[in-house]
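Structure first, then comments.
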Amino acid sequence: MKNLAFFGGGNIAQSIIKGLINSGYSPKNIFFVDRNGNNQKVLKKLGIKKLSDAKNKIDLYILAVKPKDATSAFQTILNENTKPKIVSLVAGVKTKRYKSFGKNIEIMRAMPNTSSKFGLGITAIYNSSFKQTDLSRVIKLFEKVGIVITLKEEKKIDTFTGMIGSGPAYFFYLLKSYEKKLLKLCDGNEQKVNEIIVNLMKGVGASVENDKDLDKLISAVASKKGTTEAGLKSFKENKLNKVFEKGLKAAIKRSGEISNEY
């Protein structure tokens with residue numbers, strides 16, 4: 001897959017494009033379609049040209065629009081190509097909806113997250129009608145921006161979307177509590193607070209990478225009758241884990257509802 005065309009240039013498209021460029025992918029082989037002026041400015045700064053400027057054949061179309069715009073964008077691609085290869089990043093819109101436009105369509109769904117810009121993305125792929133060789137190429141493409149998991153059932157994309165696609169935002173939300181307390185501790189020094197939070201998260205990631213037993217990691221920090229134990233006790237009494245699980249279920253449910261809407 002050499003020449004890529006992104007239909008939609010919002011946050012997720014920008015994250016993937018930045019990750020691809022950082023991995024060595026040439027901006028000259030990436031094109032976009034997007035009416036939003038701000039998105040156009042960001043992509044042009046990255047050296048990405050409009051699809052109308054493409055002189056060579058597009059090998060892969062990546063659909064990254066909002067659900068309400070998915071079918072019209074898909075139809076636009078079909079009007080300009082006889083047998084396009086299309087990867088849809090659109091939440092909720094099932095492959096059977098796309099395939100209703102014709103039989104000779106290679107379509108798959110992929111659900112990445114915004115950490116792709118740092119090469120730390122997690123992308124789920126459900127293949128509907130891509131040939132094996134093309135599927136392998138798409139997997140290699142997304143592996144340039146992180147890790148890839150393949151799903152055998154399309155409905156599992158809803159679970160992935162609610163947990164991993166939305167996952168970074170959940171951690172950012174929790175970190176806001178840290179930020180609030182740390183700003184007071186550091187006399188309002190935002191740069192120092194940012195450094196502390198970054199190191200905290202890097203340390204957590206490194207700990208999990210070296211010792212995958214989460215209960216063991218908790219025990220290593222929580223000494224008896226200490227501060228950590230007091231904090232954990234409060235979390236348990238207030239059923240923080242249940243509240244978090246409830247939020248995950250709400251996100252997964254919403255992903256399923258979007259599927260039914262489209």
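The values are calculated or read from the model by the stated rules, or taken from the named source; none is laboratory data. In this text the structure is predicted, and so the values were computed from the model without any measurement. Glycine gets a Cβ as well: all are built from the backbone with ideal geometry, and neighbour counts include every protein chain shown. We work out accessible area using only protein heavy atoms, side chains counted, and drop any ligands, DNA or RNA first. Shrake-Rupley method; radii C 1.70, N 1.55, O 1.52, S 1.80 Å.
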Quiz item: Amide H to amide H, which residues 5 or more places from Ala124 or on other chains are under 5 Å from it, using H placed in the peptide plane?
Solution: Met111, Ile149
Exercise. State the answer as a single residue: which of Met108, Phe142, Ser255 lies farthest towards the positive end of the charge dipole of the chain, with beta carbon charges of +1 for Lys and Arg and -1 for Asp and Glu, about the Cα centre.
Key: Met108
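Less than 14 Å Cβ to Cβ from Gly102, Lys/Arg counted +1 and Asp/Glu -1: what total charge do the surrounding residues give? Walk me through the intermediate numbers first.
Working: positive: Lys83, Lys85, Lys96, Arg97, Lys99, Lys103; negative: Glu80, Glu106.
With Lys, Arg at +1 and Asp, Glu at -1, the neighbours total +4.
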Exercise. Mind checking which lysines have their Cα closer than 23 Å to the Cα of Lys103? Skip sequence neighbours fewer than 8 apart in that chain.
Key: Lys57, Lys68, Lys83, Lys85, Lys94, Lys131, Lys152, Lys155
Quiz item: Can you give me the Cα centroid spacing of the stretch 1-51 and the stretch 72-94 in angstrom?
Solution: 17
Practice problem: Please identify, among Gln132, Gln191, Gln75, the residue showing maximal mean-square fluctuation in a Gaussian network model of the chain using a 10 angstrom Cα cutoff. | Solution: Gln191
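Kindly point out which whole DSSP H helices in the chain project their C-alpha atoms 27 angstrom or further along the helix axis while averaging a Kyte-Doolittle hydropathy of -1.0 or above.
Numbers: long enough: 167-185 (28 Å, 0.03); 190-210 (30 Å, -0.03); 240-261 (32 Å, -0.58).
Correct list, ordered by number: 167-185, 190-210, 240-261.
Rounded, prolate or oblate, given the Cα gyration tensor of the stretch 36-148, with a/c below 1.5 counting as rounded?
Numbers: a/c = 1.44, a/b = 1.11, b/c = 1.30.
Rounded, since a/c falls under 1.5.
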Quiz item: If you roll a 1.4 Å probe over the heavy atoms of the protein chains, what accessible area per residue do you get for the chain, in Å²?
Solution: 63
Exercise. Pick out which of Leu63, Leu217, Leu89 has the largest mean-square fluctuation in a Gaussian network model of the chain, springs linking Cα atoms closer than 10 Å.
Key: Leu217
Practice problem: Specify which labelled value, from (1) 20.5; (2) 18.8; (3) 21.4, agrees with Kirkwood radius over Cα pairs in Å derived from the coordinates of the model shown. | Solution: (1)
Quiz item: Once amide H atoms are placed 1.01 Å from N in the peptide plane, what residues at a sequence separation of 5 or more from Ser88, or on another chain, have their amide H within under 5 Å of its amide H?
Solution: Leu63, Met108, Arg109, Ala110
Self-check item: Three-way shape call for the stretch 117-262 based on the alpha-carbon gyration tensor, with the a/c threshold at 1.5
Solution: prolate
Self-check item: Length-normalised contact order for the stretch 118-246 - Cα pairs under 8 Å, 6+ apart - percent
Solution: 16
Exercise. Could you check which residue among Ile197, Ile149, Ile48 shows the biggest mean-square fluctuation in a GNM of the chain with a 10 Å Cα cutoff?
Key: Ile197
Self-check item: Built amide H within the under 5 Å cut-off of Lys50, gap 5+
Solution: Phe32
Self-check item: Accessible surface of the chain [probe 1.4 Å, protein heavy atoms]: carbon and sulfur percent
Solution: 53
Quiz item: Assigning unit charges at the beta carbon (Lys, Arg +1; Asp, Glu -1) and nothing else, what dipole magnitude in debye, to the nearest 20, does the stretch 137-247 show about its Cα centre?
Solution: 200
Practice problem: Mind checking which of Leu174, Leu46, Asn238 is farthest towards the positive end of the chain's charge dipole, using Cβ charges of +1 (Lys, Arg) and -1 (Asp, Glu) about the Cα centre? | Solution: Leu46
